[in-house]
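Down below is the structure, laid out as C-alpha cells.
The values are calculated or read from the model by the stated rules, or taken from the named source; none is laboratory data. Just so it is clear, the model here is predicted, and its values are computed rather than measured. Please note: Cβ atoms are built from the backbone with ideal geometry, for glycine as well, and neighbour counts cover all protein chains shown. Areas reflect the complete protein model, heavy atoms only, side chains present, ligands, DNA and RNA absent. Shrake-Rupley method; radii C 1.70, N 1.55, O 1.52, S 1.80 Å.
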Amino acid sequence: MASKKSILFILLTLSTLHYTNTQTVSTTGHWKLLKKSIGISAMHMQLMPNDKLIAFDRTDSGVSNISLPDHRCRRDPHDQTATVDCSAHSVEFEPKGRNVRPLNILTDTWCSSGALSPNGTLTQSGGFNDGDRVVRYFSPCDACDWVEDPTGLAVRRWYASSQILPDGRIIIVGGRKQFNYEFIPKRSKQDYNVYNLPFLRETRDDTSENNLYPFIHLSIDGNLFIFANNRSILLDYVKNVVVKRFPDMPGGVARNYPSSGSSVLLPIKLDVSATAAEAEVMICGGAPAYANRMANASVFVPAARSCGRLRITDASPEWEMEEMPIERVMGDMILLPTGDVLIINGAKRGSAGWGAAREPVLTPVIYRTSDRSFEVLSPAGVPRVYHSTAHLLQDGRVVVGGSNTNVRYNFTNVLFPTELSVEAFYPPYMEGEQVNRPRILSVDPADEMGQMSSFAVEFDLRGPINQSELYVTLVAPSFTTHSFSMNQRLLVLNTGRVHRRLEGRYAVGGLAPASAAVTPPGYYLMFVVHRGVPSRGKWVHVFMNNGVDGTI
C-alpha cells in the first residue's frame, strides 16, 4: 500500500498538471532591450538621484562577465568560489546612454537590504558569509565606488529588510535566525543595541521559514507596519511596543520568502493641510507554506492569485481580498507615477530558491487603484524568476533585470540560464506617438523642499487641459530585491487650481507634506499627471525642518 507521503505526492502532481490559465494575452504596453549584458545578474537594484542604477548580485557566484578596471582584483580568503577574483559583482548602469561602469564590492552581498539615505547615499547592509555584518555606502558621483564598514551591524543580517525613518535613520528588521531589529548608521555605543521582536519568531515556519524579507512600511503616524508569513503588526519602534495586531491575511498561503509574494504601500493622498488621513497596504501573490519543501522534492505547487488590501490606519481594519488574473510567486509590485501598481516578473508554480519554480509569468499586470481593476499587458520574451528585479525610472519606464535560479553563473544546459540582460517595459501610458505628456519646466523651490513649505510647478502641455484630471505625485525610489521594493512610497499632493501662463504653459502650486512620517527626508521624483499620462520625473529633495539632513 502506498504511503501517505506517496499519495500526497501523486495528488499534488496531478493538480499541477491540470492547473490551467485561460487569461487572454493583451498587446498593451511594450518591451525594449536596453543592454544584452551588464556583466552581472541584477539581484539587487537601486535608482540614484543622478538617474543611474546601482545593481549587484553576490561575490560567491563565481567569476562574472565584467572585469574590474585597471587590472584590479578582489582578494578574499573567505570567498567560497574564488579567493582571488578580478571580476566585478556590482555595476553602475546609465539607462539613457546604456553605459556600464564596474564597481568594486569587497564582501558578500547575497540577499542583503538597502535604503537611500536622506543625502542621496545608498546605504546597503548585511549579506552572507563575510558580508553579514557589513554596511556599505555608495554616493552618486561619477568616480565614486563602494565604501564598506565591516562592523556596521550589531548582528548578522541575511534576508533582512530596511526602511528609512522620519529622523533619517534606517531600521533593519529581521533576517535568518534574527528575531529583532536595529538602527544604522552607528554613531555611538548605544546605536549597537538590538531590540527583540518576538513576532518574527512567531511567524517562522519550522521547515520553510516564510518570514524572511518581512514587508515593512512606515505608516503615516510614524509607526512601522511589519508583515511576515500571513500575519502583521504595527510597531512603535521607539518604545519597542506592538501597538496593534492585525487579522491574519486570508487565503491559506504564505507571502514572504521563500513563498515570496510582494507588497506595496498604496498611494498616500494629502488633504488641504498637507496631511494624510489613511494608509493602506496591498499584498499580492505568494505560495502555500509547504511550496518550497515540495519544490525540493520536484513537486511544484500552484502559486496564489489572491491579493489583499488592509487600511492599517482604521480602528478595526479587515482584509479586503481580490483575485489577480494570473497566479504569481516572486512577482515585483512597482508603484507607477499615476498611482497604479505594476505587477511583473515571477512564476506560476513553486517558490523562491535554487531551481524551485516552474512556468515563468511573462505577462505583467496593471492594478488600477481607482477602480480596483486588473489589466493583463504585453508579454516579455525573457523569463524573470528567482533573483530578478524591477525599478521605476525617471522617464516612467520600468527597468527589469536579473534572474538566476542557479547556484553559480550558468548559461547552458539548464532550465533557466543566468540572465545578464536589462530590459525596459513601457507601460500603457507611453503607448503611441500621439501620447500627450506634460513636461515639467521648473519646480520652485528648485532644490530643497521643507515640510509644509509651499511649492510651484510650471509645465507645458499640448492641447486642452482638464483641471479635474491633473494631479502631482512624489515617488520615493526603492531598493528592490527578492520581490520586495523597500522604501517605495507614492504621495498624491494636494494642489490648487491650474493657472495658464502662456499658450500651452501652466503653473500649479501646493503645500509640501506636513510630516516626516508621511514623507521621510530624502530624494523623490515629482511627476505631473494629466489624464492618466505622467510627465518625466523631476528630482526634488525633501528635508526635515529641524535642519537634520541625514548625512552619513
As a test of the formula, what do you get for the chain when each DSSP H run with n ≥ 4 contributes -39,500 (n - 2.57) and the sum is divided by the residue count, at 222 nm and rounded to the nearest 500 deg cm²/dmol? -1000 deg cm²/dmol
Once you list every other residue whose beta carbon is under 13 Å from the beta carbon of V382, what net charge do they have if Lys and Arg are +1 and Asp and Glu are -1? +2
Once you list every other residue whose beta carbon is under 15 Å from the beta carbon of C144, what net charge do they have if Lys and Arg are +1 and Asp and Glu are -1? -3
Around Y426, with a cut-off of 12 angstrom between Cβ atoms, what is the net charge of the other residues, counting Lys and Arg +1 and Asp and Glu -1? -1
What GluC sites (Glu not before Pro) does region 422-492 have in DSSP loop regions with at most 12 other beta carbons within 10 Å? E433
If the only charges are +1 at each Lys and Arg Cβ and -1 at each Asp and Glu Cβ, what is the size of the charge dipole of the chain around the Cα centre, to the nearest 20 debye? 640
Mind listing the phi-derived Karplus ³J(HN,Hα) values for region 395-403, rounded to whole Hz, using 6.51, -1.76 and 1.60 with θ = phi - 60°, and x for any glycine or proline? 8, x, 6, 10, 8, 10, x, x, 3
For the pairs K239/K269; K186/K348; K35/K177; K239/K348; K52/K189, note any where the Cα-Cα span goes beyond 30 Å. K186/K348; K35/K177; K239/K348; K52/K189
What whole-number value in Å² describes the accessible area per residue of region 165-273 for a 1.4 Å probe? 38
From the residues I268, S87, V238, which one has its Cα farthest along the dipole of the chain in the positive direction, the dipole being from +1 and -1 charges on Cβ of Lys/Arg and Asp/Glu about the Cα centre? S87
At a 1.4 Å probe, what is the % contribution of carbon and sulfur to the accessible area of region 269-328? 48
Compute the separation of the alpha-carbon centres of region 453-471 and region 181-217 and state it in Å as a whole number. 43
Using only alpha carbon pairs under 8 Å that are at least six residues apart, calculate the relative contact order of the chain and give it in whole percent. 15
At most 12 other Cβ atoms within 10 Å and a DSSP loop assignment: could you name the trypsin sites (Lys or Arg not before Pro) in region 320-426 that fit? R372, R408
Can you compute 3J(HN,Hα) from phi for each residue in region 350-361, using the Karplus curve 6.51 cos²θ - 1.76 cosθ + 1.60 with θ = phi - 60°, rounded to whole Hz and x for Gly and Pro? x, 8, 5, x, 5, x, 9, 10, 9, 6, x, 8
Trypsin sites (Lys or Arg not before Pro), restricted to region 85-157: which are DSSP loop and have at most 15 other Cβ atoms within 10 Å? K96, R98
Cysteines in the chain that, by Cβ-Cβ distance, have no pairing candidate under 4.7 Å: C111
Rounded to a whole number, what % of the accessible area of region 424-552 do carbon and sulfur atoms account for, probe 1.4 Å? 48
Relative contact order (percent, whole number), region 74-195, Cα cutoff 8 Å, 6+ residue spacing: 16
Calculated from the structure, P(r) over Cα pairs in 10 Å bins from 0, in percent equals which of (i) 3, 17, 26, 25, 17, 7, 2, 1, 0, 0; (ii) 3, 14, 19, 17, 13, 10, 8, 8, 6, 3, 0, 0; (iii) 4, 19, 30, 28, 14, 4, 1, 0, 0? (iii)
log10 I(q)/I(0) for region 25-174, Debye formula on C-alpha points only (no solvent), q = 0.12, 0.17, 0.19 Å⁻¹, two decimals, reads -0.51, -0.97, -1.17
May I ask for the longest run of the chain untouched by chymotrypsin sites (Phe, Trp or Tyr not before Pro) that are loop-located per DSSP and have at most 15 neighbouring C-beta atoms (other than their own) within 10 Å? 20-353
Placing +1 on the Cβ of each Lys and Arg and -1 on the Cβ of each Asp and Glu in the chain, which of A291, H71, L197 has its Cα farthest towards the positive end of the resulting dipole? A291
Averaging sequence separations of C-alpha pairs under 8 Å and six or more residues apart, then dividing by the length of region 316-398, give the relative contact order as a whole percent. 26
